Amino acid sequence: YSRKNNILVYPTGIISVLIYVYICLIHKLYADAGINFYYFIMSVIGWINWTSKKEEKYVYPISFCSKKEWVIGLGFFFGSLLILLLILSKTDSNTVVGDALVSSSAITAMWWMANRKIESWYAWIFSNIIALPLFFSKGLHPTVVQYVIFTILAIWGLKTWIQLHSKENQALKA
């Protein structure tokens with residue numbers, strides 16, 4: 001749904017979040033479990049943002065990040081990475097760095113996606129690629145297949161959003 005710029009990404013995402021909290025806790029992927037609470041909050045914010053209009057135009061159209069949004073996104077990434085590394089190092093996790101990388105890049109991806117930023121797709125692609133060996137090492141082979149599909153969809157979403165952005169800009173110039 002996010003690839004298609006469809007609002008249903010948020011209610012379906014909330015259901016997925018609840019399922020993944022359970023799965024991740026069982027397999028001691030604590031950061032992945034914890035990030036799902038953040039996903040829930042960002043899904044609510046995204047749902048509001050994506051439906052917000054002013055004078056019949058979306059308040060948050062598909063766009064590239066400004067320099068400020070890049071700095072904020074990278075701040076989310078590095079700040080959450082540091083915090084997760086510190087927290088996870090005190091747990092029985094044997095995948096501290098991988099778990100923290102997946103979660104911190106997803107934190108950035110979700111924030112950018114809630115604001116309809118094209119860069120969200122780059123962050124999702126990175127997060128998904130890091131997640132593949134992580135889930136494989138935990139024996140979660142169906143999840144590995146799911147993340148291969150997520151990666152393909154993220155690449156497709158990136159291409160689609162760039163095209164949609166280009167069409168919107170051409171329409172504004174006409």
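The values are calculated or read from the model by the stated rules, or taken from the named source; none is laboratory data. Just so we're clear, the structure is a prediction, and the values are computed from it rather than from any experiment. No Cβ is skipped: glycine too gets one built from the backbone with ideal geometry, and neighbour counts run over all protein chains shown. Please note that ligands, DNA and RNA were not included when accessible areas were found on the heavy atoms of the full protein model with its side chains. Shrake-Rupley method; radii C 1.70, N 1.55, O 1.52, S 1.80 Å.
Worth pointing out:
- Cβ pairs under 7 Å, 6+ apart, first in segment 10-25 and touching a residue at least 40 places away in the same chain (Cβ under 8 Å) and under 18 Å from VAL44 (Cβ atoms), second part of a helix (DSSP H, G or I) and open to solvent by less than 90 Å² (accessible area, probe 1.4 Å): TYR10/SER43; TYR10/GLY46
- Verdict on ASP32 being of a type in the set (Asp, Glu), open to solvent by 50 Å² or more (accessible area, probe 1.4 Å) and closer than 18 Å to SER137 by Cα: no
- Qualifying positions in segment 122-145 - closer than 11 Å to ALA106 by Cβ and not hydrophobic (A, V, I, L, M, F, W, C): SER127, ASN128
- Per this entry, ILE19 is counted among residues that are open to solvent by 60 Å² or more (accessible area, probe 1.4 Å) and either part of a helix (DSSP H, G or I) or within 19 Å of ILE130 (Cα to Cα) (or both).
- The residue list ILE45, ILE35 contains one member that is in contact (Cβ under 8 Å) with a residue 24 or more places away in the chain and either closer than 16 Å to ASN115 by Cα or small (Gly, Ala, Ser) (or both), which is ILE45.
- Enumeration of residues in segment 1-16 that are in contact with a helix residue (DSSP H, G or I) (Cβ under 9 Å, 6 or more places away or on another chain) and assigned to a helix (DSSP H, G or I): VAL9, TYR10, PRO11, GLY13, ILE14, SER16
- Residue satisfying condition, being at pLDDT 95 or above and over 16 Å from the mean Cα position of the chain (by Cα), within set VAL71, VAL59: VAL71
- Of everything listed in (1) modelled with pLDDT of 95 or more; (2) surrounded by 12 or more Cβ atoms within 10 Å (Cβ to Cβ), the single unmet condition for ILE48 is (1).
- Subset tally (residues that are touching a Leu at 6+ places or on another chain (Cβ under 9 Å) and among the charged types (D, E, K, R)) for segment 1-48: 2
- Any hit, segment 29-40, residues being part of a loop (DSSP other than H, G, I, E, B), touching a helix residue (DSSP H, G or I) at 6+ places or on another chain (Cβ under 7 Å) and of a type outside the set (Phe, Trp, Tyr): yes
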